[in-house]
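Engineer: Sharing a structure below in structure tokens format, with a few things to ask.
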Amino acid sequence: MALEGKDLVAYCGLYCGGCGAYKKGRCKGCKDGGGFKSCKVRICCQERDYATCAECDEFAACKKLDNFIARIISFVFRQPPRVEKVKRIKEAGIDTYIKEQG
């Protein structure tokens, strides 16, 4: 199943629609069972029934969302930290965020 719309935004704010692995069919996206199966962010959001971390009042200080590995990945891929992506979703709304990512 190909993800569409809001499901293209991972729980952590990453945009699957802009990911090379997703576009080439190597990853289904975390909302369709792809990605890291033990992702603490995904597990937390699923347990709380959140579409993204932006629904959580504690995301800005969350060590699941903003940790050493996440910062390394942001640096390597020259992307803003995940917490910044989630802040943008919270500020602008998910629909605007998707348009900005597209």
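Engineer: All but one of (1) within 19 Å of Ile98 (Cβ to Cβ); (2) loosely packed, with under 14 Cβ neighbours inside 10 Å; (3) at pLDDT 90 or above hold for Gly20; state the number of the condition that does not hold.
Structural biologist: Only one criterion in (1) within 19 Å of Ile98 (Cβ to Cβ); (2) loosely packed, with under 14 Cβ neighbours inside 10 Å; (3) at pLDDT 90 or above is unmet by Gly20, namely (3).
Engineer: Take the residues in region 10-54 that are free of Cβ contacts under 8 Å to residues at least 60 places away in the same chain and either of a type in the set (Ser, Thr, Tyr) or touching a strand residue (DSSP E or B) at 6+ places or on another chain (Cβ under 8 Å) (or both), then tell me which one is farthest from Arg78 (Cα to Cα).
Structural biologist: Tyr50
Engineer: Scanning region 52-98 for residues that are among the polar types (S, T, N, Q) and part of a helix (DSSP H, G or I), which turns out farthest from Gly17 (Cα to Cα)?
Structural biologist: So the residue we want is Ser74.
Engineer: Any residue that is out of contact with any Cys (no Cβ under 9 Å at 6 or more places or on another chain), charged (D, E, K, R), at pLDDT 90 or above and buried (at least 16 other Cβ atoms within 10 Å of the Cβ) - is there at least one of those in region 7-15?
Structural biologist: No, because not a single residue in region 7-15 is out of contact with any Cys (no Cβ under 9 Å at 6 or more places or on another chain), charged (D, E, K, R), at pLDDT 90 or above and buried (at least 16 other Cβ atoms within 10 Å of the Cβ).
Engineer: Return the residues of region 23-45 that are part of a loop (DSSP other than H, G, I, E, B), among the hydrophobic types (A, V, I, L, M, F, W, C) and surrounded by 13 or more Cβ atoms within 10 Å (Cβ to Cβ); say none if nothing qualifies.
Structural biologist: Scanning region 23-45 gives Cys27, Cys39.
The values are calculated or read from the model by the stated rules, or taken from the named source; none is laboratory data. Bear in mind that the values here come from a model prediction, so they are computed numbers and not experimental data. Virtual Cβ from ideal backbone geometry, glycine too; neighbours counted across all protein chains shown.
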